[in-house]
Amino acid sequence: MPDSAYVVDTGVFLRWFVPQVGFEHAREVRDRFLAGELALETADFVRAELAHVLRTKGLLPGRLDRTQYLSSVRSLDDLEVVVHPTDVDALERSAAVAADHNLRVFDAILVFRALDRGLALLTSDARLCRVADSLISTELLRGIEMRRTRPYVAVVSVDVLLGRIADDLRPLTSRLLVEVAFVVPVSWAGCMSPTLLANGSASAVSLDVADVLRPALAVGASQLVLVHNHPHGGPASPADDAFTRRLVAA
């Protein structure tokens with residue numbers, strides 16, 4: 001009887017057949033599973049996702065021939081990995097996890113399954129491991145670096161903003177008689193919608209570092225722009241400079 005069990009994501013199964021960072025650990029897990037020392041479970045969508053990544057990372061680059069590819073596509077069932085169906089109730093509960101923790105629905109299905117089964121999640125995804133760690137026991141394949149992601153912070157005034165940010169925010173701030181602060185999350189696809197963080201007085205606005213980072217992290221932004229106006233002109237104040245240092249250090 002197996003000594004322990006995991007819920008496993010697609011990236012781990014991929015590494016059984018295609019060398020990627022962490023494949024040594026993935027194959028140790030495979031060998032323990034085949035020896036009956038370890039039980040493995042996953043979700044039904046992983047079948048199709050695995051077939052897709054095996055094609056793109058194995059078949060097309062020539063790492064797998066056609067026969068190997070077709071055999072590997074059948075591997076979850078042929079090796080008797082437990083594959084859980086995702087019915088409408090499981091999907092709803094997974095969607096709630098996705099909404100509450102900024103996860104892809106596919107990742108949330110695995111997290112839900114680990115919660116439901118009381119098992120650890122073995123993954124090749126460092127972000128999933130980090131986010132899910134507050135909900136379940138997680139384990140990242142050895143060799144994959146657990147990076148702490150933090151938005152790159154650039155603090156500018158409305159007057160020097162260019163392009164879309166300036167076009168979007170200048171009409172909102174140019175006639176204000178009080179100081180305000182906006183954050184604009186930025187991803188590889190460009191600028192996202194600005195979020196008003198705080199309204200202040202004629203000479204000050206108060207906010208916390210967490211208030212600035214939260215909207216950017218919530219949408220998975222890689223960068224952010226903090227926008228702060230001075231209705232009556234003038235350079236950044238000592239308080240502005242001090243807040244900037246705290247933000248960059250966060």
message = Output needed for the range 23-96: three equivalent-ellipsoid semi-axes, defined as square roots of 5 times the C-alpha gyration tensor eigenvalues, in descending order, whole Å.
response = 24, 18, 11
task = Give me the Kirkwood hydrodynamic radius of the chain, using the inverse of the mean 1/r over all pairs of distinct Cα atoms, in Å to one decimal.
result = 21.1 Å
message = Loop-only trypsin sites (Lys or Arg not before Pro) in the range 1-73, please: DSSP not H, G, I, E or B, and at most 15 other Cβ atoms within 10 Å.
response = ARG63
message = Along the charge dipole of the chain, pointing to its positive end and built from +1/-1 on Cβ of Lys, Arg, Asp and Glu, which listed residue (GLY200, VAL225, LEU14) has its Cα farthest out?
response = VAL225
query = How far is helix 23-34 tilted off the main Cα axis of the chain, in degrees rounded to 10, range 0 to 90?
reply = 40 degrees
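Given only helices, namely DSSP H runs of n ≥ 4 each adding -39500 (n - 2.57), what is the per-residue ellipticity at 222 nm of the chain, to the nearest 500 deg cm²/dmol?
Mean residue ellipticity, 222 nm, calculated: -12500 deg cm²/dmol.
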request  = Treating the angle as unsigned and between 0 and 90°, give the value, to the nearest 10°, between the Cα long axis of helix 209-218 and the longest Cα principal axis of the chain.
outcome  = 40 degrees
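No value in this document is a laboratory result; all are computed from the given coordinates. These numbers come from a predicted model, not from an experiment. All Cβ positions, glycine included, derive from the backbone under ideal geometry; neighbour counts span all protein chains shown.
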